[in-house]
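The values are calculated or read from the model by the stated rules, or taken from the named source; none is laboratory data. Since the model is a prediction, treat every value here as computed from it, not as a measurement. Reconstructed Cβ throughout: ideal geometry from the backbone, glycine too, with neighbour counts over all protein chains shown. In case anyone asks, the SASA skips ligands and DNA or RNA and just uses the protein heavy atoms, side chains included. Shrake-Rupley method; radii C 1.70, N 1.55, O 1.52, S 1.80 Å.
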Amino acid sequence: MADCLFCAIIAGTTPAHIVYDTPEVLGFLDIRPVFKGHTLLVPREHVDTLVELPDELTVPLFGAARSVAAAVRTAYDAQGSFVAVNNVVSQSVPHLHVHVVPRTKGDGLRGFFWPRTKYADDAEAAQYAEKLQRAVSGASGPA
């Protein structure tokens with residue numbers, strides 16, 4: 001896609017620090033990392049969001065996420081990682097990308113992305129579960 005920053009990185013016309021490179025997926029350091037080593041993994045094929053990701057790219061992309069999540073522990077002496085995908089909201093580049101952020105206990109990352117809330121009661125939680133179950137199964141009806 002002509003105006004896509006990540007497509008330009010994939011094409012080699014925009015520089016990036018490449019850390020993962022396969023025929024289906026490219027990984028590079030985020031230029032504004034949450035923590036140093038924060039990596040973005042993108043399908044080489046332009047895909048806007050996770051919803052549009054073709055089945056044949058799901059395993060390569062999330063396999064890459066698994067590999068990089070394991071590697072950040074070794075590379076940076078991290079205790080773990082935070083792996084995330086934004087879809088439209090908070091997605092600064094409209095090309096699907098998986099964030100892999102090295103994490104260590106006490107690194108200061110708290111409530112980074114979202115505030116927590118509570119259901120009023122178990123009945124409200126059950127209503128939310130039912131709505132999503134219907135949507136996942138493709139059923140419709142009053143909510």
Review point. Is there a residue in region 65-85 that is in a loop (DSSP other than H, G, I, E, B), under 12 Å from the mean Cα position of the chain (by Cα), surrounded by fewer than 13 Cβ atoms within 10 Å (Cβ to Cβ) and not aliphatic (A, V, I, L, M)?
Key: no
Review point. Taking into account only those residues within region 121-130 that are at pLDDT 85 or above and open to solvent by less than 90 Å² (accessible area, probe 1.4 Å), which is nearest to Val51 (Cα to Cα)?
Key: Glu124
Check your understanding: Got a sec? Which of Val47, Val89 is open to solvent by 40 Å² or more (accessible area, probe 1.4 Å), hydrophobic (A, V, I, L, M, F, W, C), out of contact with any strand residue (DSSP E or B) (no Cβ under 7 Å at 6 or more places or on another chain) and part of a loop (DSSP other than H, G, I, E, B)?
Key -> Val89
Revision key, fill the gap. For region 1-19 the number of residues that are surrounded by 15 or more Cβ atoms within 10 Å (Cβ to Cβ) and touching a helix residue (DSSP H, G or I) at 6+ places or on another chain (Cβ under 6 Å) is 1
Practice item. Could you tell me whether any residue of region 89-103 is at pLDDT below 85, among the aliphatic types (A, V, I, L, M) and under 30 Å from Leu57 (Cα atoms)? Key: yes
Study note, to complete from the structure: Residues in region 26-42 that are in a loop (DSSP other than H, G, I, E, B) and crowded, with 16+ Cβ neighbours inside 10 Å total 5
Exercise for review: Pairs only if they're at least six apart or on different chains, beta carbon under 7 angstrom, first in region 22-47 and of a type in the set (Lys, Arg), second assigned to a loop (DSSP other than H, G, I, E, B); list them, first residue then second.
Suggested key: Arg44/Glu24
Review point. Pick from region 104-119 the residues that are modelled with pLDDT of 80 or more and open to solvent by 90 Å² or more (accessible area, probe 1.4 Å): which of them is nearest to Pro33 (Cα to Cα)?
Key: Lys105
